[in-house]
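Here the structure comes first, spelled out in structure tokens, and everything after it is commentary.
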């Protein structure tokens, strides 16, 4: 599947993307300083190559009508990151497999992994395209989450019509300083 929007392409993963993931998770990791830096872990090229190859094998033949949880971002023919989604509960906590009758909401996120493309508005366009995809496929509201020190993501969320709906004071420690966990909501 491929979605083109305002110069940005969202597309399914290609086998050639695996080496980008290996590089992003082992050598060029600046992007991790903004996306959940408290989760940053050391890993090896071999581990990442195996993991991303397994992921690629699992998703490479999804039919076009299957709802995607993740797309790769391409800009000017260059693979630069991804958009993804996950489920959260009424307390804005991550949910793996929801229990019977459990209320869950869809949260969306973005990672631009090439530092030379930070702050150029590409992420905002990519996330708008991803939001449109979910709204066109039945979602009436979407959430996004970040931390109070990630000013680029906060600005992106606000540009896209998200409004803060949840704040957990001092929930995230980044480089020795406490930050608030933030949840934002946007409606169709």
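Read-outs throughout are calculated quantities, based only on the coordinates presented, and are distinct from any laboratory measurement. Only a predicted model underlies this, so the values are computations on that prediction, with no experimental measurement involved. Neighbour counts run over all protein chains shown; Cβ positions are idealised from the backbone, glycine included.
Here are the numbers for the structure shown:
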{"read-out": "Residues satisfying the stated conditions in region 134-157, i.e. free of Cβ contacts under 8 Å to residues at least 12 places away in the same chain and at negative phi", "value": "136, 151, 155"}
{"read-out": "Scope region 77-115; condition under 25 Å from residue 5 (Cβ atoms), free of Cβ contacts under 8 Å to residues at least 24 places away in the same chain and either outside any strand (DSSP E or B) or in contact with a helix residue (DSSP H, G or I) (Cβ under 8 Å, 6 or more places away or on another chain) (or both); matching residues", "value": "77"}
{"read-out": "Residue list for region 134-161, restricted to those being buried (at least 18 other Cβ atoms within 10 Å of the Cβ), touching a helix residue (DSSP H, G or I) at 6+ places or on another chain (Cβ under 7 Å) and in a helix (DSSP H, G or I)", "value": "156"}
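For every residue, the table says whether it meets (1) buried (at least 16 other Cβ atoms within 10 Å of the Cβ); (2) under 15 Å from the mean Cα position of the chain (by Cα); (3) not in a loop (DSSP other than H, G, I, E, B).
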| site | (1), (2), (3) |
| --- | --- |
| 22 | yes, no, yes |
| 32 | yes, yes, yes |
| 46 | no, no, yes |
| 54 | no, no, yes |
